[in-house]
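Heads up, the thing below is written out as structure tokens.
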Amino acid sequence: MKLTKFNLVSIILVILVILTVTGRIFSAPNLSDYSWILVFPLFAYLYYSQTKQTNHYFGFFLIGFSLVEILKIVFYGNDTMAYYVANYLVIATYASLIIFLVKDFNFKLLFKQFKLHLVVLLFFNAYIIYVLNQMIMQDAQLSVYSLDFIIEVAYNVLILLVLSLSLIHYLYHETKQGLLLFLASVCIVFSEMVQVAYLFISSEYLLQIVYSALIGVGFYFLYEYIKIKYKATLKTTKIA
């Protein structure tokens, strides 16, 4: 196998993910944190430098997560600043991903073909948001209608929108890329739910492992999505 830039970066990504999981399993936070901080920039590099069919909304999603992980290190020791800056940025990245998912929808056709799906998803999301809010309110220090509470609710609403819209995006287009985005969204969203339980209910070690596994699998699907873009770029280059 020819060692291309894409393959080299892919090998580095595998090593970093292994180091991240190892650090979390064996309670070595420095190893896991500093390994994980490099994963997202490499995803952004693969997407922008190794593929031609790029979308800046999806690109900002990757870059935004890269910045979030970097800021966690920059603001280490300043929990308040890290919390607000990271959460505002994550909200912006999820909003960017939502725009990416809906930008090419024909909404008239969408409501006509997927009316039942949309109604079911509306009730499903309302119930999940209620459950997540109940988890959040387990934290005695978090008062209802405070800025922190609003941030958490907005965060939860956005991740559920990502899940729902990624499903609709797949049903609307019925492509392998759409399926990969949906599977990635499922893993990422459920990892966020596990994290809510970890932060606000119980800091069980198992929850941290489940969170790490879900987020890892989710970004594996994103990697496969970028890989399809890369192969399409190679085919275009060969034809040219």
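Observations on the model:
- The set of residues in the stretch 160-191 that are more than 21 Å from LYS115 (Cα to Cα) and surrounded by 19 or more Cβ atoms within 10 Å (Cβ to Cβ) comprises LEU180, LEU181, LEU183, ALA184, SER185, CYS187, ILE188, VAL189, SER191.
- Filter pass, GLN177 being part of a helix (DSSP H, G or I), polar (S, T, N, Q), within 17 Å of the chain's Cα centre (by Cα) and modelled with pLDDT of 90 or more: yes
- Residue selected from the stretch 24-36 under the condition hydrophobic (A, V, I, L, M, F, W, C) and assigned to a loop (DSSP other than H, G, I, E, B), by the criterion least open to solvent (accessible area, probe 1.4 Å): ALA28
- Among residues of the stretch 132-149, those that are without any contact (Cβ under 8 Å) to a residue 60 or more places away in the chain and either in contact with a strand residue (DSSP E or B) (Cβ under 7 Å, 6 or more places away or on another chain) or open to solvent by less than 40 Å² (accessible area, probe 1.4 Å) (or both), counted: 4
- Residues that are surrounded by fewer than 21 Cβ atoms within 10 Å (Cβ to Cβ) and more than 15 Å from the chain's Cα centre (by Cα) within the stretch 150-159 comprise ILE150, ILE151, VAL153, ALA154, listed in sequence order.
Table: residues versus (1) under 21 Å from TYR47 (Cβ atoms); (2) among the β-branched types (Val, Ile, Thr); (3) in contact with a Cys (Cβ under 9 Å, 6 or more places away or on another chain).
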{"site": "ILE73", "(1), (2), (3)": "no, yes, no"}
{"site": "ASP79", "(1), (2), (3)": "no, no, no"}
{"site": "PHE100", "(1), (2), (3)": "yes, no, no"}
{"site": "LYS103", "(1), (2), (3)": "yes, no, no"}
{"site": "LEU116", "(1), (2), (3)": "no, no, no"}
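- Test: residue in the stretch 7-28 that is under 17 Å from LEU71 (Cα atoms) and at pLDDT below 85: no
- Residue within the stretch 58-79 that is under 19 Å from the mean Cα position of the chain (by Cα), among the polar types (S, T, N, Q) and either in a loop (DSSP other than H, G, I, E, B) or over 30 Å from LYS235 (Cα atoms) (or both) present: no
- The criterion of being surrounded by 17 or more Cβ atoms within 10 Å (Cβ to Cβ), within 19 Å of TYR225 (Cβ to Cβ) and either among the β-branched types (Val, Ile, Thr) or without any contact (Cβ under 8 Å) to a residue 40 or more places away in the chain (or both) holds for ILE63.
- Filter result for the condition that a residue is loosely packed, with under 15 Cβ neighbours inside 10 Å and either in contact (Cβ under 8 Å) with a residue 24 or more places away in the chain or within 19 Å of PHE219 (Cβ to Cβ) (or both), over VAL21, VAL14: VAL14
- Out of LYS108, LYS103, LYS52, LYS72, sole residue that is free of Cβ contacts under 8 Å to residues at least 24 places away in the same chain, open to solvent by 70 Å² or more (accessible area, probe 1.4 Å) and charged (D, E, K, R): LYS108
The values are calculated or read from the model by the stated rules, or taken from the named source; none is laboratory data. Since the model is a prediction, treat every value here as computed from it, not as a measurement. Here Cβ is always computed from backbone atoms with ideal geometry, including for glycine, and neighbour counts include all displayed protein chains. Side chains included, ligands, DNA and RNA excluded: accessible areas come from the protein's heavy atoms. Shrake-Rupley method; radii C 1.70, N 1.55, O 1.52, S 1.80 Å.
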